[in-house]
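Input: a single structure, listed below in structure tokens.
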Amino acid sequence: MTASPFPSPRGDATRADRLPLPPPRAPLHAQTWREIAHLLSNLPVDVLGFVYIAVSIYASVLLSVTVVGLPLLALSLLGCRQLGKAERARARALLGVRVEEPSPLRAWRHGFFPWLWARLKDSVAWRHALYFFIRLPWGWFTMALTLVSLFVGW
């Protein structure tokens, strides 16, 4: 057994450290092209997600002094959950990576105000919003690096 260059915090080798690396693939393998498609689609997805997050959260915060603001913010966060669901589906389709679905959100009582409160304190939706907000530079980087690599490789 070979030692990992990165020791685990506990000091012993974890199961992931003992697994061998996958064998190299041919450059024209179908999975390679799916990974390239994922890298090239990062930028449009990230721009769409960033614009949605920026506009919806900004409009919701500005309108939060009125009656419309907080329900609009709750609906925006519900849309953030859907963006995360689409991102997991894209990773599953192009990369073959299975990302576990987050826990479903349920209000503890029926009615508008419990629904609103449950949506506003949904940590999964806030994580998705932060993910799409900070991911835009990564989309630009992966798009540029992939295009340059494809051009040089061609």
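Quick rundown of the values:
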{"item": "Rounded accessible area of VAL67 (nearest 10 Å², 1.4 Å probe)", "result": "130 Å²"}
{"item": "Max mean-square fluctuation residue, GNM over the chain, Cα-Cα springs under 10 Å, options GLY49, GLY96, GLY111", "result": "GLY111"}
{"item": "Gaussian network model of the chain, Cα within-10 Å springs - most flexible of LEU19, LEU70, LEU40", "result": "LEU19"}
{"item": "Loop-located trypsin sites (Lys or Arg not before Pro) in the range 75-123 whose Cβ has at most 15 other Cβ within 10 Å (DSSP)", "result": "ARG98, ARG106, ARG109, LYS121"}
{"item": "Degrees separating the helix 30-62 axis from the principal Cα axis of the chain, which is the longest one", "result": "20 degrees"}
{"item": "Folded to 0 to 90 degrees: helix 123-134 orientation relative to the chain principal axis, Cα", "result": "60 degrees"}
{"item": "Residue with peak Gaussian network fluctuation, the chain [Cα springs, cutoff 10 Å], from SER60, SER123, SER103", "result": "SER103"}
{"item": "Sparsely packed chymotrypsin sites (Phe, Trp or Tyr not before Pro) within the range 49-121, loop by DSSP, other Cβ within 10 Å at most 13", "result": "TRP108"}
{"item": "Average projection area in nm² (convex hull over Cα atoms of the chain, one quarter of hull surface)", "result": "13.3 nm²"}
{"item": "Between helix 136-153 and the chain: long-axis angle, C-alpha atoms, 0 to 90°, nearest 10", "result": "30 degrees"}
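The values are calculated or read from the model by the stated rules, or taken from the named source; none is laboratory data. Note that the coordinates shown come from a computational prediction; the quantities given were computed from them, not determined experimentally. Positions of Cβ are generated from backbone atoms using ideal geometry, with glycine treated the same way; all protein chains shown enter the neighbour counts. Please note that ligands, DNA and RNA were not included when accessible areas were found on the heavy atoms of the full protein model with its side chains. Shrake-Rupley method; radii C 1.70, N 1.55, O 1.52, S 1.80 Å.
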